[in-house]
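See below for the structure under consideration.
The values are calculated or read from the model by the stated rules, or taken from the named source; none is laboratory data. Keep in mind that this is a model prediction, so the values were computed, not measured. As a convention, Cβ positions derive from the backbone with ideal geometry for all residues, glycine included, and neighbour counts pool all protein chains shown.
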Amino acid sequence: MKVLFASSEIFPHAKSGGLSDVSSALSETLAAEEGVELSRVMPRYSFIEKKKLKPFKRAEVFLGGTCHEVNFYKLEKSGVVTYFVDAPLLSETLGMYGEAGEDYSNNDLRFGIFAAAIVELARLLDVSLLHLNDWQCALAALFIKERELDIKTLFTIHNLAYQGVFEVGALSRLGIDSKHFHSDGLEFYGKVNFLKAGIGWCDALTSVSPSYAQEIQTPEYGCGLDGFVRLHAKKLTGILNGIDQNHFNPKKDKLIPFRYDANNLDAKHQNKTAFLKATPLKDPRKPLFVMISRLAEQKGLDLVLESLESLLAEKINLYVVGEGSASYKERLEANNGKYENFYFHNGYDEALSHQAYAAADFMLIPSRYEPCGLTQFIAMRYGAIPLVRSVGGLKDSVHEEEALCGRGIVFEPYAKEAFLEAFARALALKKNSKKYKAWQEQNMGCDFSFAQGAQEYLNLYKSLM
Ligand code: ADP
Ligand code: GLC
């Protein structure tokens, strides 16, 4: 079976969040499967050097009467061929989606060109299945159906809140027939919604955890699309994400100073000591709580900020690393220097994040909503106990009660009291060093890879053939 896997970010070429990790780990696991010939495609952003890629083919895509030239490049690595779409509008900007917190105003055209290029490449490669991810690829599902191409599409929703919504003029710019502009089509409160193209026109629909697949059918988590998702619920399956366990492996990780495994947790403590030395935080005997997160409302930063004083009144250290919204950045930064046991590092830093996972005793993930979340898996792999809100993929992967895999502290209501109670349970767990260590060891021995998830995707692929 020939498959083309399309995503706007694939690690290590481009990353803004978990989509990149998953696009890489899932596609590599699937590519290794018997009977699957999988290649993948993503944009060539300006920061991906052309000289490292091989020119493949030139093509033209027609959108709204305008011809856009695209050049495909390719790279073979880790057993998978990755194609890169190079087009002036897509490739010449500094960022992927925007700059300085502002989305590019022509993202409709940029990702319209990307979607059309995906379809062109799928034809060139003669694939029978196209696996599309998130709104940036979503229009490809519609283009395939419009052109009556014999290619099946599977569309994966990683985060329903990001929909790619544009002014109605996008329709003519992209040459999309206005007959699709209605509430069961692309229309969304008078605008054009790209995500709806993926949900509406795909042959199979997935989201990244069983719980989230249910939640997005409710008004509370449906981001205005719950009715539309319910309309297409027959096509929908929730498949839990996994991580690349080779990349996230404390035994082999070159980004951390002291490598370790479950039999050598003293070396984890050495990582903690080294990590704290490089920050204003003191005393490695105190439990270290870490948060590694995009600075977005989704991630529960309000709850952390609201509870900060109570958290920091305890003998703990709290380290937050993140990038995103200017207002969260300011609110977090305002606490630097105010408490001796709190530090916020603003920025996106892959190496620092690995060092923080290795140093952490606990990982805070109090999300308002979480389609799947990857930081809980990475934390558990590095022997840090996750403290999570029971929602979406966090609910499916972290259990406070007896469980074979995925032990952590779990709370449910999105409220300060519930969060602080969970925090108190975390402190009690840490004091019970035998139990804490048993949870660490249990988690570190778990399989959080895509082994099972990839099988579920594969079964879906097969069901479409
Ligand atoms: P989301 O995709 O919603 O941001 P996930 O938990 O699925 O959340 O994935 C987040 C990924 O991004 C993880 O690999 C995490 O380690 C990484 N990450 C998040 N913030 C940072 C940061 N500031 N620096 C480095 N890595 C980060
Ligand atoms: C999104 C979600 C996150 C998920 C990731 C990968 O960014 O916010 O929960 O883990 O996609 O699927």
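Points worth noting:
- Qualifying position, being at pLDDT 95 or above and within 25 Å of Ala25 (Cβ to Cβ), among Val410, Val304: Val410
- In the range 337-360, residue farthest from ligand 2 (Cβ to nearest atom) [restricted to those that are of a type in the set (Asp, Glu) and farther than 24 Å from Glu314 by Cα]: Asp349
- On the stretch given as the range 361-383, residues that are closer than 17 Å to Gly300 by Cβ and either more than 16 Å from ligand 2 (Cβ to nearest atom) or assigned to a helix (DSSP H, G or I) (or both) total 4.
- Within the range 374-394, the set of residues being closer than 24 Å to Glu215 by Cα and in contact with a Pro (Cβ under 9 Å, 6 or more places away or on another chain) comprises Thr375, Gln376, Phe377, Leu387, Val388, Arg389, Gly392, Gly393, Leu394.
- Residue in the range 148-161 that is closer than 17 Å to Gly222 by Cβ and more than 16 Å from ligand 1 (Cβ to nearest atom) present: yes
- Qualifying residue in the range 102-117 (condition: over 30 Å from Ala233 (Cα atoms) and among the charged types (D, E, K, R)): yes
- In the set Ser8, Ser23, Ser78, Ser16, only one residue is at pLDDT below 95 and either within 16 Å of ligand 2 (Cβ to nearest atom) or crowded, with 20+ Cβ neighbours inside 10 Å (or both); that residue is Ser16.
- Residue count, the range 1-36 (criterion: more than 12 Å from ligand 1 (Cβ to nearest atom), farther than 15 Å from Phe84 by Cβ and assigned to a loop (DSSP other than H, G, I, E, B)): 6
- Scanning the range 366-393 for residues that are under 14 Å from Arg294 (Cα atoms) and either among the charged types (D, E, K, R) or more than 8 Å from ligand 1 (Cβ to nearest atom) (or both) yields Pro366, Ser367, Arg368, Tyr369, Glu370.
- Unique residue being out of contact with any Cys (no Cβ under 9 Å at 6 or more places or on another chain), in contact (Cβ under 8 Å) with a residue 24 or more places away in the chain and within 16 Å of ligand 1 (Cβ to nearest atom) when the list is Ile216, Ile256, Ile199: Ile256
- The sole residue among Glu412, Glu417 that is more than 22 Å from Ala213 (Cα to Cα), among the charged types (D, E, K, R) and loosely packed, with under 15 Cβ neighbours inside 10 Å is Glu417.
- Matching strands (runs of 3 or more DSSP E) fully within the range 54-144 where at least 2 residues are within 21 Å of the chain's Cα centre (by Cα), of a type outside the set (A, V, I, L, M, F, W, C) and over 30 Å from Ala326 (Cβ atoms): 80-86
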